[in-house]
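The block underneath contains the structure these notes are about, expressed in structure tokens.
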Amino acid sequence: MTPSFNRHLIKRICIYLLCAIALLWAIGPIYWIFVSSVSTRMELYATPIKSWFPSEPTWEAYIRLFQGGGQYRGGNVSPTEGLMWSGLYNTLFVSIVSALFVTFLSTNAGYVFARMKFRGRGFIFFFLMLMMPLPLWVSIIALFFMISNAGLIDTLSGMILLFIVFLLPLGIWLMSTFIREINPEIEEAAIVDGCSRWQLLRWIIYPLSKSGMAAVFLVSLLTVWNNFLLPLIFTRSPDSQMLTVVLSLFVGQYEVAWEDMAAAAVVTMLPPFLIALFFQRFLIRGMTLGAVK
Amino acid sequence: MNRETRQDFVFIGVILVPLIILVGILIYLPALDSLLTSFTNENLRILRPPKFIWLKNYSKLIESSEFWTVTARSLLVVVLTLPLELFISLGLALLLTEAFPGRAMVRTLIILPWMLPPIVNGFLWGWLLNGEYGALNGLLYQLGFIDEYVTWLKNPDTQVLWVTVVQTWTRFAFPTIILLAGLQSIPMDLLDAAKVDGASSWQTFRNIILPLLMPSIAVVLTIEFIASLQIFDVIWTLTAGGSAGGAINPFTKTLMLYNYELVFRDLRIGLGAALSYLILFLSLGVAIVFVTRLYNQAVKT
């Protein structure tokens, strides 16, 4: 064995060791919450030695959670019946609908800013972007009373409206930079052929910016799904409470048993987890730009 | 105006006008409204018409000891989180620029915590740190570091430390991505030249990599400053006591939680609005300082 080979080997070992530590730090907690949700009671509450691999995995906590509701830490059934279903439905509905709106509105606007020259373009762009990096807390206080007066408090349409507005700047920013990178010759040819702007959008821009639109859609979906502050403030009944709020109620108000809580947490984080795992390349750029939120 | 430009004009109008109205009504108008409210003594607990009191809310906040306690705590969270995040993400970025089989997978997995709902992260760590059945206790016990289980989150003095750990766990992926991109933009021949000249790894890092990484570090610090100053979700499920309308644990009450409490529990709208603007100025001030320094650096080099 040559010394350089030796050094190489040692370096490799060090790298993998460090990777193992990094993965324990990043993934360990996620692994544990999953294990907690499928462990039997006996194993979950075993002390002082924990069982890191459940010997008989069970879906009981999930079944309990979705039928009849989670249990109190004390033992009785807590008044959480149906909360998981309604939370899941509300979150799915609000995140998908607002992400769709944001994707189309910001693709259209992105096209306008990327390709068309008109007076006030810079100003309007600035007007729409200005609030992106700012904390929206200053708007939220007065917004609460506006939304109440409009009768939109505690409604899904109110939530969708708020999320669309809060996500638009990021979406427009992403789509305008994306569309700017498309080769303009195709569009120019289409205009010469007598294509209207709407036809252009429908038949050329949408198909060519599919991956950009996918990125905006996924980033919006993830942002809405993960958001807690807006549903906390703008909803108050199970009719419109989203999963993040339901989870916070389980932790604070209802004191749900740990294994049921763990199952609820897994349900809440599973879609973001899967999206992040399989669509990461779509997400990085958008999430990096929207990192402040 | 000829037909084509008129059609374009309609096209632009149909697309942009609704967006301008939406953003104007739902972001700018309430922001302005909050600003005006911050000059009044509006309080929904007391039925009285709000009176204009100029800057009294601001002076009341600045003179109150609670405001300073909360601000100091928020800054403590920032001061503890930023170096921790920077240390972890810089280490990870350096590790993940090395080429080795499985690197892509490690990169993908490392980023996951950042993509999860922060509210879940707070609960997740609360359970991990649980004093009776927690996994951290189990792990440390099995490794022989502790003889009996420790109630990590019980002590009010150290709760803030755990908040910073969980905040770091939630956020470290973002700085890692930015620093990785920064590292990849460093020209290889520069590093090769250093190696030829016989520079040690540490010298290369200290004298070449770190200075060239400074702009990325500045970006990271700015954004992470704003993010940890406005920490909310993680604390809510970790230590706040977390039920809407209920009492908020005073030992981990940071600026955003204080603001939530003032507005939505105490209904002191005027005072809360004033606080929200103070938070905004604090974030903006730091952002501007960082960005100008970054700009100067970019101009000088």
Using only the Cα atoms of segment B:30-111, construct the convex hull and provide its projected area averaged over every direction, in square nanometres to one decimal. 9.6
Relative contact order [Cα under 8 Å, 6+ residues apart], chain A, whole percent: 30
If amide H atoms are modeled at 1.01 Å from N in the peptide plane, then the residues at a separation of 5 or more from A:Tyr72, or on another chain, having amide H under 5 Å from its own are A:Val77, A:Ser78, A:Ala257
Restricting to Cα pairs below 8 Å that are 6+ residues apart, what does the relative contact order work out to for chain B? Please round to a whole percent. 27
With a cut-off of 15 Å, note down the residues of segment A:177-196 whose backbone N falls inside the zone around a label point 7 Å from the Cα of B:Arg3 toward its beta carbon. A:192-196
Could you list the trypsin sites (Lys or Arg not before Pro) in segment B:171-253 that lie in coil according to DSSP, counting only those with at most 16 other Cβ atoms within 10 Å of their Cβ? none
Rg ratio (alpha-carbon, reference 2.2 N^0.38 Å) - segment B:153-248: 1.57
Label point 7 Å beyond Cα of B:Arg103 along Cβ direction - residues of segment B:168-182 with amide nitrogen under 17 Å: B:176-182
Neighbour-count ranking [beta-carbon atoms within 10 angstrom, fewest first] of B:Asp266, A:Asp260, B:Asp33: B:Asp266, B:Asp33, A:Asp260
Give the Cα extents of chain B along the principal axes, in whole Å, largest first. 78, 75, 35
Using a Förster distance of 22 Å, how high is the FRET efficiency between A:Met146 and A:Arg236, based on the Cβ-Cβ distance and rounded to 0.05? 0.85
If R₀ is 30 angstrom, what is the calculated FRET efficiency for the pair B:Asp192 and B:Val286, using the beta carbon separation as r and rounding to 0.05? 0.20
In segment B:1-104, what trypsin sites (Lys or Arg not before Pro) fall in a loop by DSSP, with at most 16 other Cβ atoms inside 10 Å? B:Arg45, B:Lys51
Calculate the translational D of segment B:71-221 in whole µm² s⁻¹ from Stokes-Einstein, where the hydrodynamic radius comes from the Kirkwood formula applied to all Cα pairs, the temperature is 4 °C and the viscosity 1.567 mPa s. 73
Please identify the GluC sites (Glu not before Pro) of segment A:122-215 that satisfy two criteria: DSSP loop assignment and at most 13 other Cβ atoms within 10 Å. Which are they? A:Glu181
Which value, in debye to the nearest 20, describes the size of the charge dipole of segment B:56-300 about its Cα centre when Lys and Arg Cβ atoms bear +1, Asp and Glu Cβ atoms bear -1, and nothing else is charged? 560
Given 37 °C and 0.692 mPa s, compute D for segment A:3-58 with the Stokes-Einstein relation, Rh being the Kirkwood radius over Cα pairs; round to the nearest whole µm²/s. 241
Stick to Cα atoms and the Kirkwood definition of Rh, then tell me Rg/Rh for chain A. 1.08
Answer in debye to the nearest 20: the dipole magnitude of the protein assembly as shown about its Cα centre, from +1 Lys/Arg and -1 Asp/Glu charges placed on Cβ, is 1200
So how far, in whole Å, is the C-alpha centre of segment B:148-226 from the one of segment B:10-41? 38
Residue-averaged beta-carbon neighbours from other chains (10 angstrom radius) around A:19-27: 6
Rotationally averaged projected area of segment A:47-182 (alpha carbon convex hull; nm²): 14.8
Taking +1 at the Cβ of each Lys and Arg and -1 at the Cβ of each Asp and Glu, which of B:Gln203, B:Ile248, B:Leu229 sits farthest along the dipole of segment B:56-300 towards its positive end, judged by Cα position relative to the Cα centre? B:Leu229
If amide hydrogens are placed 1.01 Å from N in the peptide plane, which non-local residues have theirs closer than 5 Å to the one on B:Thr40? B:Ile53
Debye log10 I(q)/I(0) for the protein assembly as shown, one point scatterer per Cα, at q = 0.09, 0.12 Å⁻¹: -0.79, -1.34
Taking neighbour counts of Cβ atoms within 10 Å as a proxy for exposure, in what order, fewest first, do A:Cys195, A:Cys19, A:Cys14 appear? A:Cys14, A:Cys195, A:Cys19
Would you mind giving the mean number of other chain beta-carbons within 10 Å of the Cβ of each residue in B:122-135, as a whole number? 5
Based only on other Cβ atoms within 10 Å, what is the fewest-to-most ordering of A:Leu44, A:Leu208, B:Leu190? B:Leu190, A:Leu208, A:Leu44
May I ask you to derive the FRET efficiency for A:Val192 and A:Glu60 from their Cβ-Cβ distance with R0 = 56 Å, giving the value to the nearest 0.05? 0.25
Mind computing the radius of gyration and Dmax over the alpha-carbon atoms of segment A:165-274? Å is fine for both. 20.8, 67
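Taken together, the values in this text are just the output of simple stated rules run on the coordinates, not laboratory data. Here the structure is a predicted model, which is why all the values come from computation and not from measurement. Every residue, glycine as well, gets a Cβ built from its backbone with ideal geometry; the counts of neighbours run over all protein chains shown.
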